[in-house]
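The values are calculated or read from the model by the stated rules, or taken from the named source; none is laboratory data. Bear in mind the structure is a predicted one, so any value in this text is a computation, not a measurement. Here the Cβ is made from the backbone with ideal geometry for all residues, glycine too, and neighbour counts use every protein chain on show.
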Amino acid sequence: MQHTSMLAACMYGLAVGDALGVPYEFRLRDTFRVDGYLAYGTHNQPAGTWSDDTALSLASLHSLIANHGEVDVEDMRRRFADWLTAGLYTPDGQVFDCGLATSKALHTGRGCSGENSQGNGSLMRVAPLAFSDADDDTIGRVSAITHAHPTCMQACMLQVRLLRRLLDGEPIRTAISREGLGPIWRMPRREIRSDGFVSSTQTAALWCAANTTDFYECVRLAVELGDDTDTTACVAGAMAGIMTGLEGIPIGLRDGLRGHALLDLLVQTAATGCASQSQP
């Protein structure tokens, strides 16, 4: 795997963003303020609990580790199913907040491709692929495990390219521009949608990342957009983690993550190049 020195920053970044957003999911914009982890809330979870976003990202990372940095789509599918049926990659063995398309795809073995299947359920878990040499076709097939609509697959391809640019040290606004996107950072906040559609999530996360230089400010801004708070902050947090490095993520938020020992184990395993075929 590549850029493993930044892997912890990326994975902690997405997990912290996810856990900050979990208690506020579906809340309306400007009806709350974020001040660290909140206990219970929307999903009645203890403070610092990550959701399916991080669990499936960890499953993706574990698959890459077990396959020596290569993408094995069927192996990833099995690990996603293990998460859904057995609660693997969660802090406590409990699965909550599984998207409808993800659940259907994992039960049927076929990704959803209808016009109403343009959710963000593959975008939220794609960050580990930035540390592999997966090409666009492979990234699309990973998305299609659950989300096979072309819009979802293309968003995942774009996100991996953006993350790789950040890993190479490009400023976020330069990366956005070089991918042919407009100056998203100039969009007024009222025009930023934070619903569950993949294009909305990607734009909102990029807006947050491109308008901040501080990790916590980025993920706080993402959560406070409201609606799909955990996924917007998860996608933004992966980018912000890379941009600020692990030291830019407050130690209290890292230590406050429930189950962070699992995250540490997988990151350390990836960094040392020791593959494990067993579940953590």
Discussion item. Can you tell me how many residues within the stretch 201-242 are polar (S, T, N, Q) and over 15 Å from ALA15 (Cβ atoms)?
Written reply: 6
Worksheet item: Just to be sure, is GLN118 touching a Cys at 6+ places or on another chain (Cβ under 7 Å) and either at pLDDT 95 or above or more than 28 Å from ARG254 (Cα to Cα) (or both)?
Response: yes
Worksheet item: Out of (1) surrounded by fewer than 24 Cβ atoms within 10 Å (Cβ to Cβ); (2) within 26 Å of ASP136 (Cβ to Cβ); (3) not hydrophobic (A, V, I, L, M, F, W, C), what's the single condition that is false for ARG220?
Response: (2)
Worksheet item: Within the bounds of the stretch 105-113, is there any residue that is more than 23 Å from ASP195 (Cβ to Cβ) and charged (D, E, K, R)?
Response: yes
Worksheet item: Would it be correct to say that LEU64 is among the aliphatic types (A, V, I, L, M), at pLDDT 95 or above, out of contact with any strand residue (DSSP E or B) (no Cβ under 8 Å at 6 or more places or on another chain) and within 25 Å of HIS3 (Cα to Cα)?
Response: yes
Discussion item. Being without any contact (Cβ under 8 Å) to a residue 24 or more places away in the chain and within 20 Å of LEU167 (Cβ to Cβ) is true for just one of SER5, SER63. Which residue is that?
Written reply: SER63
Worksheet entry | Index of the failed condition, LEU100 passing every other in (1) in contact with a Gly (Cβ under 9 Å, 6 or more places away or on another chain); (2) within 30 Å of GLU217 (Cβ to Cβ); (3) not β-branched (Val, Ile, Thr) | (2)
Response to the item:
Taking first residues from the stretch 121-140 that are over 20 Å from ALA270 (Cβ atoms) and second residues anywhere that are among the basic types (Lys, Arg) and assigned to a helix (DSSP H, G or I), the pairs with Cβ under 9 Å that are 6 or more apart or on different chains are ASP136/ARG161
Item to complete: Could you pull out every one of the helices (runs of 4 or more DSSP H) wholly within the stretch 204-280 that has 1 or more residues that are within 24 Å of THR42 (Cα to Cα), touching a Cys at 6+ places or on another chain (Cβ under 7 Å) and in contact (Cβ under 8 Å) with a residue 60 or more places away in the chain?
Response: 215-223, 229-244
Fill in: Residues satisfying the stated conditions in the stretch 152-196, i.e. of a type in the set (Asp, Glu) and part of a loop (DSSP other than H, G, I, E, B)
ASP168, GLU170, GLU179, ASP195
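Conditions (1) surrounded by 19 or more Cβ atoms within 10 Å (Cβ to Cβ); (2) touching a helix residue (DSSP H, G or I) at 6+ places or on another chain (Cβ under 7 Å); (3) under 21 Å from ASP30 (Cβ atoms); (4) not aliphatic (A, V, I, L, M), marked per residue:
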position	(1), (2), (3), (4)
GLU179	no, yes, no, yes
SER200	yes, no, yes, yes
THR203	yes, yes, yes, yes
THR232	yes, yes, yes, yes
ILE249	yes, yes, no, no
GLY252	no, no, no, yes
